[in-house]
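This report refers to the structure that appears directly beneath it.
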Amino acid sequence: MKTRRSFIQTVAAPILALPLLDNEIREKLLADIPYDGPVLKVALMGLGGYATIVANAMQSCTKAKITGLISGTPSKLTAWQSKYGVDPKNCYTYQDFDAIKNNKDIDIVYVITPNGLHKDQVIRVAKAGKHVICEKPMAINAAEGKQMVDACAKAGVKLFVGYRLHFEATTLEVIRLRKAGEFGSIRFFQGLSGFKIGDPTQWRLDKKLAGGGSMMDIGIYSINGARYMVGEEPVWVTAQETKTDPVKFKEGVDETITFQMGFPSGAIASCLSTYAMNHLDRFFLDGEKGFAEMLPSTGYGPIKGKTNNGEITQPHVTHQAKQMDELAEIIFSAKQPVVPVDGGEGLKDLRIIDAIFEAVRTGKKVMI
Ligand code: NDP
């Protein structure tokens with residue numbers, strides 16, 4: 001049988017080596033060839049809402065597959081084992097998952113639990129000698145994030161953050177256009193991130209498990225987005241909090257924060273993070289020569305983009321499937337993502353969140 005590797009070696013290699021071959025054509029040619037390279041063996045930890053989306057998306061991955069499960073709910077372990085064909089010997093609880101250390105069926109653990117649990121869980125995975133993907137926000141503050149980065153470095157394992165948009169085609173096209181100078185020098189970014197949150201008893205409104213409120217959960221998209229859209233790191237922030245429902249949004253759980261960021265070039269960002277309003281998922285980037293708008297900008301897609309020159313047309317690919325296949329390539333072939341997805345990237349967002357909370361507390365401009 002003709003394998004992908006032998007096909008590439010004998011037939012496709014000379015075509016793919018052509019210097020002028022468009023990347024899109026190259027991808028299309030490769031897509032038709034069955035993949036027979038290494039497959040990343042992934043254990044999912046925390047089988048909740050987002051893990052369900054990741055698990056379904058991963059059914060179309062070619063370079064990554066679910067081989068393990070970690071959960072505190074025995075009935076989910078049983079159901080997911082049969083649904084995704086996971087060997088029961090690769091299933092663990094939060095009490096016993098350190099034993100993955102001796103399990104060759106697991107290369108990496110994807111931590112998809114409440115934010116306040118990420119630090120300890122990621123450090124335990126690192127100590128077990130496995131790579132880790134941690135959902136956003138990577139931790140509940142930068143001090144915790146730093147401990148995670150250090151623990152993974154010490155254990156010699158890779159730490160990634162679940163920044164799925166860093167692999168999303170429309171997002172990458174806007175970044176390409178900005179780098180190519182299509183918008184001229186960047187002057188302004190606006191990020192609107194929010195939704196109306198329901199059930200007041202959920203962990204997202206519990207300071208200990210969430211680390212905050214809307215900012216940790218949804219405002220982080222505007223922070224992260226400002227950084228990859230502007231292409232610079234902010235040097236200062238100012239921020240203002242408003243709260244209409246202090247019963248639902250207790251002390252330390254932010255309902256709505258507006259914040260501003262200043263970048264070294266003089267560009268500024270103006271952003272909104274909220275748990276009190278719907279229809280907020282928009283990025284706008286303005287430069288001296290043009291603009292880009294993404295609406296929606298961070299949902300599960302399709303992401304829609306346009307510039308002063310018209311609509312951006314990029315194919316929609318399920319974000320989490322693309323993310324997991326790309327992470328496999330980063331691990332197996334040392335491929336470099338256009339926008340980093342490592343622990344350092346997660347830490348940068350956490351430092352900005354810390355500064356925003358300080359600016360809210362003090363009413364002052366906070367330097368980063
Ligand atoms: P859910 O509440 O839907 O699921 C969290 C799961 O974590 C639970 O089902 C449970 O799984 C496990 N868990 C362990 N301990 C606790 C605890 N004390 N309280 C509640 N759950 C616990 O949350 P989400 O899946 O929506 O969010 C999980 C993480 O994913 C968060 O960090 C969030 O920010 C991130 N996220 C990222 C998104 C993205 O687009 N990148 C989108 C949505 C969320 P079990 O029963 O198996 O133990």
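The values are calculated or read from the model by the stated rules, or taken from the named source; none is laboratory data. Predicted, not measured: the structure shown is a model, and the values here were computed from it. FYI the Cβ positions are ideal-geometry reconstructions off the backbone, even for glycines, and counts take in every protein chain you see.
A compact table of results
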{"quantity": "Candidate set from the stretch 30-49 (those that are surrounded by fewer than 16 Cβ atoms within 10 Å (Cβ to Cβ) and in contact (Cβ under 8 Å) with a residue 60 or more places away in the chain); member that is nearest to L117 (Cα to Cα)", "calculated": "G48"}
{"quantity": "Long-range neighbours under 6 Å by Cβ, at least six apart or interchain, first residue closer than 19 Å to R282 by Cβ within the stretch 192-203, second outside any strand (DSSP E or B) and more than 11 Å from the ligand (Cβ to nearest atom)", "calculated": "S193/G219; S193/S222; G194/M277; F195/N278; K196/N278; I197/Y275"}
{"quantity": "Residues of the stretch 293-335 classified as polar (S, T, N, Q), in contact (Cβ under 8 Å) with a residue 12 or more places away in the chain and more than 16 Å from the ligand (Cβ to nearest atom), total", "calculated": "4"}
{"quantity": "S71 being over 25 Å from L327 (Cα atoms) and free of Cβ contacts under 8 Å to residues at least 40 places away in the same chain", "calculated": "no"}
{"quantity": "Residues located in the stretch 318-368, provided they are within 28 Å of I108 (Cα to Cα) and over 20 Å from the mean Cα position of the chain (by Cα)", "calculated": "S333"}
{"quantity": "Extreme residue, nearest to the chain's Cα centre (by Cα), among residues of the stretch 281-309 that are among the hydrophobic types (A, V, I, L, M, F, W, C), under 22 Å from K196 (Cα atoms) and buried (at least 20 other Cβ atoms within 10 Å of the Cβ)", "calculated": "I303"}
{"quantity": "Count of the stretch 204-241 residues which are within 13 Å of the ligand (Cβ to nearest atom), farther than 18 Å from D281 by Cβ, under 18 Å from the mean Cα position of the chain (by Cα) and not aliphatic (A, V, I, L, M)", "calculated": "1"}
{"quantity": "Every residue from the stretch 233-265 that is in contact with a strand residue (DSSP E or B) (Cβ under 6 Å, 6 or more places away or on another chain) and free of Cβ contacts under 8 Å to residues at least 24 places away in the same chain", "calculated": "T242, T258, Q260"}
{"quantity": "Any hit, the stretch 139-149, residues being closer than 24 Å to K207 by Cβ, away from the ligand (no atom under 14 Å from the Cβ), free of Cβ contacts under 8 Å to residues at least 12 places away in the same chain and surrounded by fewer than 16 Cβ atoms within 10 Å (Cβ to Cβ)", "calculated": "yes"}
{"quantity": "Residue, farthest from K243 (Cα to Cα), within the stretch 193-215, restricted to residues that are hydroxyl-bearing (S, T, Y) and crowded, with 16+ Cβ neighbours inside 10 Å", "calculated": "S193"}
{"quantity": "Members of the stretch 61-100 found to be within 12 Å of the ligand (Cβ to nearest atom), part of a helix (DSSP H, G or I) and not polar (S, T, N, Q), listed by number", "calculated": "P74, K76, L77, A79, W80, F97"}
{"quantity": "Pair list, Cβ < 7 Å and 6+ apart or interchain, from the stretch 96-121 residues that are over 14 Å from L44 (Cβ atoms) to residues that are in a loop (DSSP other than H, G, I, E, B) and more than 16 Å from the ligand (Cβ to nearest atom)", "calculated": "D98/A128; K101/A128; K101/G129"}
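Quick grid of which residues meet (1) surrounded by fewer than 22 Cβ atoms within 10 Å (Cβ to Cβ); (2) touching a Phe, Trp or Tyr at 6+ places or on another chain (Cβ under 9 Å); (3) at pLDDT below 95:
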position: L159; (1), (2), (3): no, no, no
position: G162; (1), (2), (3): no, yes, no
position: L177; (1), (2), (3): yes, yes, no
position: E182; (1), (2), (3): yes, no, no
position: G219; (1), (2), (3): no, yes, no
